[in-house]
Structures are given as C-alpha cells and as structure tokens.
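Report on the following structure.
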Amino acid sequence: MSCFMCKGNLEDKLTNFIADLGNCIIIVKDVPSQVCSQCGEVSYSNDVALQLEKIINKTKSTLTEITVVRYSNVA
Ligand SMILES: [Zn+2]
C-alpha cells in the first residue's frame, strides 16, 4: 500500500490521535496506523477509524476538559 498523497511508502506505526472538540480535547494514545515515510501523512484502517469514532462518542459525554486514553485499553 502506498500514500494517497505522495505515493510514498506507508509504515505500520503506533501514533497518537488527537480530537479537538472545542470545549474538550481527547487524546487516544498508541493507535495502530499507517504513516507515510515521505510526507508523514497518517491514515487509519476502517476498523480503527470506527473504533476512534466510538471512543470519541463515549468519551465526550464525560465532560472532562482533557481525556487521555490508550487505544489498546478501550478498543
Ligand atoms: Zn506521503
């Protein structure tokens, strides 16, 4: 698989996903992702993207200003 931006090589890496929802920020650590070795573009598989969406929907109701979760603990 290659980067859809620059056609560079994608590497499997754990990255931090940050969602800024305005009144709160959710940080999901160690998310399995593909990172382009050339331009640094980060992409997620469909499964991971769905999980991130679920985590955000679950977490945003806690009304904490900053939430930090580890992906492997919540997915
Ligand atoms: Zn790229």
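Residues checked against (1) modelled with pLDDT of 95 or more; (2) over 30 Å from Thr62 (Cβ atoms); (3) within 16 Å of the ligand (Cβ to nearest atom):
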site: Met1; (1), (2), (3): no, yes, yes
site: Leu10; (1), (2), (3): yes, yes, yes
site: Thr15; (1), (2), (3): yes, no, yes
site: Ile18; (1), (2), (3): yes, no, no
site: Asn23; (1), (2), (3): no, no, no
site: Lys29; (1), (2), (3): yes, no, no
site: Gln34; (1), (2), (3): yes, no, yes
site: Gln38; (1), (2), (3): yes, yes, yes
site: Asp47; (1), (2), (3): yes, no, no
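Filter the stretch 28-40 down to the residues that are within 15 Å of the chain's Cα centre (by Cα) and more than 11 Å from Thr15 (Cβ to Cβ) and list them by number.
Listed by number, the list holds a single entry, Cys36.
Considering Glu41, Glu53, which residue is closer than 22 Å to Gly22 by Cα and acidic (Asp, Glu)?
From the options Glu41, Glu53, the qualifying one is Glu53.
Looking at the stretch 25-52, I want the residues that are of a type in the set (Asp, Glu) and have a partner that is within 16 Å of the ligand (Cβ to nearest atom) with Cβ atoms under 6 Å, at least 6 apart or on another chain. Which pairs are those?
Glu41/Cys3; Glu41/Met5
Which numbered condition in (1) surrounded by 14 or more Cβ atoms within 10 Å (Cβ to Cβ); (2) over 13 Å from the mean Cα position of the chain (by Cα); (3) more than 16 Å from the ligand (Cβ to nearest atom); (4) of a type outside the set (Ser, Thr, Tyr) is the only one that Ile66 fails?
It is condition (1) that Ile66 fails.
Looking at the stretch 15-38 only, could you name the residues that are surrounded by fewer than 19 Cβ atoms within 10 Å (Cβ to Cβ) and not aliphatic (A, V, I, L, M)?
Within the stretch 15-38, Thr15, Asn16, Asp20, Gly22, Asn23, Cys24, Lys29, Asp30, Pro32, Ser37, Gln38 meet the criteria.
The values are calculated or read from the model by the stated rules, or taken from the named source; none is laboratory data. Since the model is a prediction, treat every value here as computed from it, not as a measurement. Counting neighbours? That spans all protein chains shown, and the Cβs are built from the backbone with ideal geometry, glycine included.
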